[in-house]
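Data first, discussion second: the structure below is written as structure tokens.
Here, each number is a calculation from the coordinates, and none is a lab measurement. Everything numeric here is computed off the predicted structure, so don't read it as measured data. Every residue, glycine as well, gets a Cβ built from its backbone with ideal geometry; the counts of neighbours run over all protein chains shown.
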Amino acid sequence: MVKSHRSYLRQLVYWLTPNRRAADMHAHQLTQELITQIGGTLNVIRNDLVRTLAKPGQGGVIVDYHDISFFVNNEATANRAIHALAKEPDTIKWIDQFEGGATFWDVGANVGVYSLYAAKIKGANVFAFEPVFFNYYAFNRSIQANALDRKIRAFAFAIGDATRFDDMYLADLQDGSALHTYGKPLVDGTSEKFRQAAACFSIDDLVEKHGFTAPGHLKIDVDGFESRVVEGALRTLRRPSLKTVMIELPVSGSEAEVETKILNAGLEFVGRFHRLKNVPICNHLFARPGEAGRWRKAIYESLETTPCAGAVASGGLDRPQALDVPAATALRAARS
């Protein structure tokens, strides 16, 4: 369709412009503008159609975005598919740097957007963990749609500091929703929509006792349970085979405890990216000693953003998020 519009426009401008060279220049410029407008309009129409087809109670549909098939069955899952590459551009750039055949662990996978991207686009071998029943279902439908059951192993249990059995406190019952917590509500005294029984294992136990392949790259996004997850992974964090760790943390100062555990395990701070406007939450990236500079250059130099709220930036650069001092470092400096 775009090709026919291009041909028609060139003929029209050529006919209206006496000068052949000027006609070619005008046609080229107007063609590009038309393609941009058509493309933008079609994307809006398509996205609205996907959201309409994904209404709850309709059974869900499979849609293709970014060369990946996603199962969507409500607006939340549709938006996760539509904005898969835009929501966390630092995460996408991080995954893009993975070596061939990398082992990627996705802790708190939700509906599996980054697991799907890592497996299908980068060929990674993925271990994903999502205990919430409806997110786990949607995730597996997408695995099925992409025929990735040999590349992604998705497990329906939580990750923490030890093997235990407790409840998931679900803040919402909408597929694709987040802010669900294990063992207690995210905020004490709040009411949950549903309690779901779930098992929990530590990363160290999975690797050392249950034969899981140790991660080469580890992503942690667990909404308030980060310290427990890291505590249960201290030996794994020290493994030379673990190249990087990306973890979502608040930047209120409370993240210092988690950062300290990761730094004490022998990893170096790379940078952090403020992905949610007006919300003091950042993805923090850590790498093996001597590798931080390479990862920082590959991921952060091209990202246009403001530094994380509460972060201590250095250098006065326009993009200081990769140079932020983590809370643990700032806390030690303040006490010295």
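Here are the numbers:
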| item | result |
| --- | --- |
| Ranked packing of 135-143, 209-217, most packed first, by mean Cβ within 10 Å | 135-143, 209-217 |
| Ordering of 102-112, 224-234, 86-96 by burial proxy (mean other Cβ atoms within 10 Å per residue, highest first) | 102-112, 224-234, 86-96 |
| Cut-off 12 Å, label 7 Å out along Cα→Cβ of residue 164, residues of the range 105-145 by amide N | none |
| FRET efficiency, 1/(1 + (r/R0)^6) with R0 30 Å, evaluated for residue 209 and residue 264 via beta carbons | 0.80 |
